[in-house]
Each structure stands twice: as C-alpha cells, then as structure tokens.
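The values are calculated or read from the model by the stated rules, or taken from the named source; none is laboratory data. These numbers come from a predicted model, not from an experiment. Note that each Cβ is placed from the backbone with ideal geometry, even for glycine, and that neighbours are counted across all protein chains shown. Areas reflect the complete protein model, heavy atoms only, side chains present, ligands, DNA and RNA absent. Shrake-Rupley method; radii C 1.70, N 1.55, O 1.52, S 1.80 Å.
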Amino acid sequence: MTLTVRVVSPDKTVWDAVAEEVVLPSTTGQLGILTGHAPMLTALDTGVMRVRASKNADWQAIALMGGFAEIEEDEVTILVNGAERGDAIKLEDARAAFNQAQTLLNQVSADDRQAVIQANQAFKRARARFQAAGGSV
C-alpha cells in the first residue's frame, strides 16, 4: 500500500504523488508516517520534510516553512506557509543564505526581542533550505 501525499503552499502545489514513507518536522519532533497511520492533525515547524516514493527510491527533501499536516486514510495533506523542493534549490545559494542568517543571529542584541525573533525565524528558514538542498549543518 502507499500514501497519497500533497504539499500545498498559498501559491502552488509543491508535491502531489504517492509515497511509501514520509518524515515530517512537527513542532514536537520528527514524525514518521507509514501506511495505516492513525488519523491525526499536527502542527509543523520550519524544517525539512523527507518523502520516499518506494522502498528502493531515494529520499526527496522539501523545505517546509511551518504549517499543518492532516493524516487520514493513507492520505497526508500538508498545508504550509511556504515550501520548496530540495532539488530546486541551488546548494551554494542556500549555503550563503544560511551563513548570512547565522551571522545575523549571532550579532543581534538579546535586548531587542523583536529582532531576536525575526533573526531566529530567518535562520530556521535558511537552515531548512540548506538542508533540503543537500547541505549538512
């Protein structure tokens, strides 16, 4: 049996295919989904989703920018604020953005709470894109 997996962002459908296995970046940690999974609704953090079409296939990475996932009757519907397939991200561009976001996060004053929140969000987005493109942190 397989899962039907859909990743939908506000401007496009990023993934719509069958898969054997999915790993999601939930707000409470990594969440593995196989066929027959119990119905659930979960919040997703900014991070990398991994999906494998078959047992012998390579894992595909998708950078998710937070949202929700619903699992019901072997259908996984993922609604996110933004998403980008790893194979569409240039590794060097993602590495440069990650390094820049990391530098900014280290330089922001802890007294400016708004700046800390914004820098942390930018860092998480850049890290997710870099990891989805194949980089390791």
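So for each of 76-87, 101-112 I average, over its residues, the number of other beta carbons within 10 Å; can you give me the resulting order with the highest mean first? If you can, show how the numbers build up before the last one.
Working: 76-87: 18.8, 101-112: 12.8.
The most tightly packed comes first, giving 76-87, 101-112.
Could you work out how far apart the two model spin labels at Leu34 and Asn81 are, taking each label as a point 7 Å from the Cα in the direction of the beta carbon, and quote it in nm?
Once both label points are built, they end up 3.3 nm from each other.
If I take R0 = 30 Å and measure r between the Cβ atoms of Asn56 and Val8 in this structure, what FRET efficiency does the formula 1/(1 + (r/R0)^6) give, to the nearest 0.05? Could the numbers behind the result be given before it?
Values: r = 27 Å, r/R0 = 0.92.
The calculated FRET efficiency here is 0.65.
Taking R0 as 25 Å, what's the FRET efficiency between Gln121 and Glu72 from their Cβ-Cβ distance, rounded to 0.05?
Details: r = 30 Å, r/R0 = 1.19.
The pair Gln121/Glu72 has a calculated efficiency of 0.25.
Hey, what number do you get for the chain at 222 nm if only DSSP H runs of n ≥ 4 count, each worth -39500 (n - 2.57), divided across all residues, to the nearest 500? Numbers along the way, then the final one.
Details: 2 runs with 37 residues, N = 137.
About -9000 deg cm²/dmol.
About the Cα centre of the chain, what is the dipole size in debye to 20, counting +1 per Lys and Arg Cβ and -1 per Asp and Glu Cβ, all else neutral? Walk me through the intermediate numbers first.
Values: 13 positive and 17 negative charges, 97 e Å.
Around 460 debye, computed over the chain.
Residue farthest toward the positive end of the dipole of the chain, with Cβ of Lys/Arg at +1 and Asp/Glu at -1: which of Gly135, Ala69, Pro10?
Ranked along the dipole, the leading option is Gly135.
For percent of Cα pairs over 28 Å apart, several values are listed as (1) 20; (2) 52; (3) 31; flag the one computed from this structure.
Answer label, from the structure shown: (1).
Would you give the gap between the C-alpha center of segment 23-68 and the C-alpha center of segment 95-137, rounded to a whole Å?
Between the Cα centre of segment 23-68 and that of segment 95-137, the gap is 22 Å.
Where a Cα-Cα gap under 15 Å defines reach, which aspartates and glutamates qualify for Lys124, not counting those fewer than 8 residues away within the same chain?
Asp45, Glu84
Roughly how many percent of the accessible protein surface of segment 53-117 is carbon and sulfur, given a 1.4 Å probe and a whole-percent answer? Write down the numbers at each step before the final one.
Numbers: 1950 of 4210 Å².
Summing carbon and sulfur atoms, their accessible area is 46 percent of the total for segment 53-117.
Any idea what angle helix 91-107 forms with the longest principal axis of the chain, computed on alpha-carbon atoms, 0 to 90 degrees, nearest 10?
It works out to around 50 degrees.
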